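Inspection log for the structure reproduced underneath, given as structure tokens.
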Amino acid sequence: HVLAVRREQAALHERFCAELNRPVDLCRVGFVEVWNFQTGKIRKDLKYQAQDNFILMDSSITALAFSRDSEMLATGSKTGKVKVWKIATGQCLRKFENAHANAVSSISFSRDSTQLLTGSTDELVRVHGMRSGKALKELRGHRSFVNCAVFSPDQHSVISGSSDGSVKVWSVKTTECLHTFKVAIAGQVGELPVLSVHVNPRNTEQVIICNRSNTISIINQQGQVVRKFTSGKRSGGDFVACTVSPRGEWIYAVGEDFILYCFSTSTGKLERTMEIHDKQVRGLCLHPHQNLLATFAEDSQLRLWKP
């Protein structure tokens, strides 16, 4: 199934993503629709949707994520609230009324779904307990908006990216910042906002970083750049979002030029480009098990592609 949240009837997020990388105003009304991506229709087999009831927040939804088994959905709001829902029934399972002081910009479940990881425009990263309904850990150190945060595969670390241009690696146990990286881009000055971070599926000691530039970088634990991928444009080709295929063979990135770029991680070559929307693209993500790519944009459309 596909998830969509509404912003003046615009479908702006979906089941594939499970998270959003930037604090954009996704949903002024604050509700979520579950769609069948094969038929392109709202799922009426969900009783609450058949009765025109929807998963609802009291303010704009700015981040959302599925649990690994897809049975639960976490939503974060513009006012810093987080709620966890059961998709089958639409029931709210857990509320975090004061998850953050400002908008939730990133949200994800731990592998066993017992914890939630959130980042916010309040510059903080927090780990919340599903059982306790409380914040368990606070990771403090970024100097601007936290745009993305992910658990490492072993769940012992958290990797976060911020508008201050830095990527930080944290110990979940001690909350200590273990490493701080900044990726220098030729011809770019100042702090480039980090839009997304991804653990490299082909080498979990490496991190794939997308910042607001024309270059995506893979770095190792020492902060050394292993490989770079570029749009090749000096202007108008900065990336706004990227995602990585489940096995790590491909990086898909969208530029401010509305073009989708497909890179091979093994060769570093740009394999394909394609114009995908008529207005600014807000994000993209891959289906975890099928060869499907979803993109959503300010043209009020969510589109599915076979890469």
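Of Gly187, Gly237, which residue is in a loop (DSSP other than H, G, I, E, B), open to solvent by 10 Å² or more (accessible area, probe 1.4 Å) and at pLDDT below 95? Walk me through how you get there before you give the answer.
Details: Gly237 fails: open to solvent by 10 Å² or more (accessible area, probe 1.4 Å).
Testing whether each residue is in a loop (DSSP other than H, G, I, E, B), open to solvent by 10 Å² or more (accessible area, probe 1.4 Å) and at pLDDT below 95 leaves just Gly187.
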Strands (runs of 3 or more DSSP E) wholly inside the range 255-307 that include at least 2 residues being open to solvent by less than 40 Å² (accessible area, probe 1.4 Å) and within 13 Å of Val244 (Cα to Cα): 259-264, 281-286, 293-297
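Table: residues versus (1) at pLDDT below 95; (2) closer than 26 Å to Arg140 by Cβ; (3) among the charged types (D, E, K, R).
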{"site": "Cys27", "(1), (2), (3)": "yes, no, no"}
{"site": "Glu33", "(1), (2), (3)": "yes, no, yes"}
{"site": "Phe54", "(1), (2), (3)": "yes, no, no"}
{"site": "Ala63", "(1), (2), (3)": "yes, yes, no"}
{"site": "Ala99", "(1), (2), (3)": "no, yes, no"}
{"site": "Thr118", "(1), (2), (3)": "no, yes, no"}
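Return the residue satisfying two criteria in turn: it lies in the range 39-96 and is of a type in the set (Val, Ile, Thr) and in a loop (DSSP other than H, G, I, E, B), and of such residues it is surrounded by the fewest Cβ atoms within 10 Å (Cβ to Cβ).
Step one: list which residues in the range 39-96 are of a type in the set (Val, Ile, Thr), which gives 39, 42, 55, 61-62, 75, 79, 82, 84, 87, 89.
Then keep just the ones that are in a loop (DSSP other than H, G, I, E, B); that gives 39, 79, 87, 89.
Numbers: Thr39: 9, Thr79: 19, Ile87: 21, Thr89: 11.
Among those residues, the one meeting the criterion is Thr39.
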Enumerate the strands (runs of 3 or more DSSP E) found wholly within the range 105-179, keeping only those where 2 or more residues are among the hydrophobic types (A, V, I, L, M, F, W, C) and within 20 Å of Trp85 (Cβ to Cβ). 115-120
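State whether one or more residues within the range 216-223 are among the small types (Gly, Ala, Ser), open to solvent by 50 Å² or more (accessible area, probe 1.4 Å), over 21 Å from the mean Cα position of the chain (by Cα) and modelled with pLDDT under 95. Walk me through how you get there before you give the answer.
Keep residues of the range 216-223 that are among the small types (Gly, Ala, Ser), which gives 217, 223.
Checking the rest, the ones that are also open to solvent by 50 Å² or more (accessible area, probe 1.4 Å) come to none.
No, the range 216-223 contains no residue that is among the small types (Gly, Ala, Ser), open to solvent by 50 Å² or more (accessible area, probe 1.4 Å), over 21 Å from the mean Cα position of the chain (by Cα) and modelled with pLDDT under 95.
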Do we have any residue at all in the range 76-90 that's closer than 18 Å to Val194 by Cα and out of contact with any helix residue (DSSP H, G or I) (no Cβ under 7 Å at 6 or more places or on another chain)? no
Would you be able to tell me the number of residues in the range 165-178 that are more than 21 Å from Thr243 (Cα to Cα) and touching a Lys or Arg at 6+ places or on another chain (Cβ under 7 Å)? 3
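Test Lys228 against the stated conditions and say whether it is under 28 Å from Trp35 (Cβ atoms) and either out of contact with any Pro (no Cβ under 7 Å at 6 or more places or on another chain) or among the polar types (S, T, N, Q) (or both). Talk me through it step by step, then tell me what you get.
Working: under 28 Å from Trp35 (Cβ atoms): no; either out of contact with any Pro (no Cβ under 7 Å at 6 or more places or on another chain) or among the polar types (S, T, N, Q) (or both): yes.
No, not satisfied.
Taking the options Ser157, Ser162, Ser152, Ser132, name whichever one is crowded, with 21+ Cβ neighbours inside 10 Å and more than 25 Å from Val34 (Cβ to Cβ).
Just one listed residue meets the conditions, Ser162.
The values are calculated or read from the model by the stated rules, or taken from the named source; none is laboratory data. Owing to the predicted nature of the structure, the values given are computational and were not obtained by experimental measurement. Every residue, glycine as well, gets a Cβ built from its backbone with ideal geometry; the counts of neighbours run over all protein chains shown. SASA here: full protein model, heavy atoms, side chains in, ligands and nucleic acids out. Shrake-Rupley method; radii C 1.70, N 1.55, O 1.52, S 1.80 Å.
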